[in-house]
Amino acid sequence: MIRHIVLFKVQSTVEQTTIDALFTKLADLGSAIPGIRGFDGGASVSPEGLEQGFAHGFSIDFDDEAARDAYLEHPTHKELGGQLVGLLEGGISGLVVFDLAM
């Protein structure tokens, strides 16, 4: 299994409803791309306060690397990724992506 983790810094002018709509669209990819096991996303609830501005994030679990790679190349993922980057402080520099093999 591969866990795909994305943390991001949203511009202060972006409304929560916009972020929630993006999370919904990302979650819906599970019905379009085989091998997606699950999606979780939202705002940080950590009491530590160590987010360094990365106040939102999501994770997607994939059956394997092939499923993750299919997601990365999927046109809807690319479209949503572009939308996400447009909402971030500093564009792509407001994004961290980290994959774990489980």
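Figures for the structure shown
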{"read-out": "Selection from the stretch 36-70 of residues that are among the aliphatic types (A, V, I, L, M) and part of a strand (DSSP E or B)", "value": "Ile36, Ala43, Ile60"}
{"read-out": "Selection from the stretch 71-102 of residues that are touching a residue at least 12 places away in the same chain (Cβ under 8 Å), surrounded by 11 or more Cβ atoms within 10 Å (Cβ to Cβ) and touching a helix residue (DSSP H, G or I) at 6+ places or on another chain (Cβ under 9 Å)", "value": "Tyr71, His74, Thr76, His77, Leu80, Gln83, Leu84, Leu87, Leu88, Gly94, Leu95, Asp99"}
{"read-out": "Residues (of a type outside the set (A, V, I, L, M, F, W, C), touching a helix residue (DSSP H, G or I) at 6+ places or on another chain (Cβ under 6 Å) and without any contact (Cβ under 8 Å) to a residue 24 or more places away in the chain) located in the stretch 30-55", "value": "Gly41"}
{"read-out": "The lone exception for Ala27 - which of (1) under 21 Å from Ala101 (Cα atoms); (2) more than 11 Å from the chain's Cα centre (by Cα); (3) not β-branched (Val, Ile, Thr) it fails", "value": "(2)"}
{"read-out": "Answer residue from the stretch 6-24, given it is in a helix (DSSP H, G or I) and without any contact (Cβ under 8 Å) to a residue 40 or more places away in the chain and is farthest from Gly86 (Cα to Cα) among those", "value": "Thr24"}
{"read-out": "Residues (within 26 Å of Thr13 (Cβ to Cβ) and basic (Lys, Arg)) located in the stretch 37-95", "value": "Lys78"}
{"read-out": "Where His77 falls short, out of the listed (1) under 14 Å from Leu7 (Cβ atoms); (2) part of a helix (DSSP H, G or I)", "value": "(1)"}
{"read-out": "So Ala27, is it surrounded by 14 or more Cβ atoms within 10 Å (Cβ to Cβ), out of contact with any helix residue (DSSP H, G or I) (no Cβ under 9 Å at 6 or more places or on another chain) and among the aliphatic types (A, V, I, L, M)", "value": "yes"}
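Bear in mind that the values in this text are calculations on the coordinates, not laboratory data. As the structure is a prediction and not an experimental result, all values here were calculated from the model. No Cβ is skipped: glycine too gets one built from the backbone with ideal geometry, and neighbour counts run over all protein chains shown.
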